[in-house]
1. How much of the accessible area of the chain, probe 1.4 Å, is carbon plus sulfur, in whole percent?
2. Whole number in Å², please: accessible area per residue of the chain, 1.4 Å probe, ligands, DNA and RNA not counted.
3. Could you go through region 41-54 in sequence order and give the Karplus-derived ³J(HN,Hα) for each residue, using 6.51 cos²θ - 1.76 cosθ + 1.60 with θ = phi - 60°, rounded to whole Hz, and x for Gly and Pro?
4. Among Ile55, Val41, Thr10, which residue has its Cα positioned farthest towards the positive end of the charge dipole of the chain, with +1 placed on the Cβ of Lys and Arg, -1 on the Cβ of Asp and Glu, and the dipole taken about the Cα centre?
5. Explain nothing, just compute: Karplus ³J(HN,Hα) = 6.51 cos²θ - 1.76 cosθ + 1.60, θ = phi - 60°, for every residue of region 9-21 in order, whole Hz, x for Gly and Pro.
6. How big is the charge dipole of region 14-69 about its Cα centre, in debye rounded to the nearest 20, if each Lys and Arg gets +1 on its Cβ and each Asp and Glu gets -1 on its Cβ?
7. Compute the normalised compactness of the chain: alpha-carbon radius of gyration over 2.2 N^0.38 Å, N being the residue count.
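The values are calculated or read from the model by the stated rules, or taken from the named source; none is laboratory data. Keep in mind the model is a prediction, meaning the values are calculated, not measured. When we count neighbours, we look across all protein chains shown, and the Cβ atoms used for this are built from the backbone with ideal geometry, even at glycine. To get the accessible areas, we keep the full protein, side chains included, count just its heavy atoms, and leave off ligands, DNA and RNA. Shrake-Rupley method; radii C 1.70, N 1.55, O 1.52, S 1.80 Å.
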Amino acid sequence: MAKMEAAYGTSERKRISIPRVDTSVLDWWEQQHDVGMSIRVLIRREIERSGYTDIVHGRVEQQLPNDKM
């Protein structure tokens with residue numbers, strides 16, 4: 001279906017590079033049945049949580065560990 005959508009101009013193709021040392025992301029990637037859909041769901045969840053923000057350069061909120069509260 002994604003190939004059909006791209007052929008008719010209803011989708012926009014994006015590219016991602018993952019460093020080989022980031023094994024957690026690579027392992028997660030390999031477990032996905034539909035990586036494009038999985039990434040879109042993650043993005044939509046982040047938009048719901050934080051809005052349209054740059055999560056790399058966003059504000060960090062620190063919390064005390066449970067044993068120090």
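1. 52
2. Solvent-accessible surface per residue comes out at 108 Å².
3. 5, 4, 5, 4, 4, 5, 4, 4, 7, 10, x, 8, 10, 8
4. The residue sitting most towards the positive pole is Thr10.
5. Per-residue couplings from phi come out as x, 9, 10, 10, 7, 10, 10, 10, 10, 10, x, 4, 6 Hz.
6. The dipole of region 14-69 has a size of about 220 debye.
7. Ratio of Rg to 2.2 N^0.38 Å for the chain: 1.53.
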